[in-house]
Amino acid sequence: MRSKAIAAGVAVLVALGAAGAARADSGHGGQGHVQFSAGMPGDPKKPARLVEVTMREGDGTMEYVPNRIEVKRNEQIRFVLKNAGELAHEFVLASAADNAKHAALMQKFPDMEHDDPNSKTLPSKAGGEIVWRFTKTGEFEFACLIPGHREAGMIGKIIVK
Ligand SMILES: [Cu+2]
């Protein structure tokens, strides 16, 4: 009985360790060597175009409004996020490939919460802001990586020209 409890404790520690390592790898809350696939954190003191994005649930769907945003290269955007839904949602700005990898990780660690330069987790009815500079041209993605949400439609496209 006792050794079983210890084994369970060890398993929890191992899982936490893996989550910690995953956080460091994907740049969650890390300092310094963080690489972002969609550009770089913006400078709140510099001018930015305001883009409001609402998160909401529909009839069996979940979505962002708008879900397509066009940006000029080097433009700075202030995303004003509003979670109008009944559930917690997030906004994770990255390349589609990075978001897909991150989503797979969140299947294992569904309670991950984000508060990084490129991502926010918002409880129901909460708001938040992200200031971002799009330094690279191409197509990027914002998505909610809470398991099931991206699949239900919580995905948006950013086209940087
Ligand atoms: Cu969501």
Testing PHE142 on (1) open to solvent by less than 50 Å² (accessible area, probe 1.4 Å); (2) more than 12 Å from the ligand (Cβ to nearest atom), one condition comes back false. Which one is that? (2)
Looking at this structure, is ARG73 assigned to a loop (DSSP other than H, G, I, E, B), closer than 17 Å to VAL131 by Cα and of a type outside the set (Asp, Glu)? yes
Given (1) under 20 Å from MET154 (Cα atoms); (2) touching a Ser or Thr at 6+ places or on another chain (Cβ under 8 Å), LYS125 misses just (2)
Across segment 48-60, which residue is nearest to the ligand (Cβ to nearest atom) among those that are modelled with pLDDT under 95 and open to solvent by 60 Å² or more (accessible area, probe 1.4 Å)? GLY60
Yes/no for LYS120 being within 16 Å of the ligand (Cβ to nearest atom), within 21 Å of ALA84 (Cα to Cα) and part of a strand (DSSP E or B): yes
Say we look at segment 76-114 and pick out the residues that are in a helix (DSSP H, G or I) and within 13 Å of the ligand (Cβ to nearest atom); which of these is farthest from GLU139 (Cα to Cα)? MET106
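The values are calculated or read from the model by the stated rules, or taken from the named source; none is laboratory data. Since this is a predicted model, take the numbers as computed values, not measurements. FYI the Cβ positions are ideal-geometry reconstructions off the backbone, even for glycines, and counts take in every protein chain you see. Note: areas computed on protein heavy atoms with side chains; ligands, DNA, RNA excluded. Shrake-Rupley method; radii C 1.70, N 1.55, O 1.52, S 1.80 Å.
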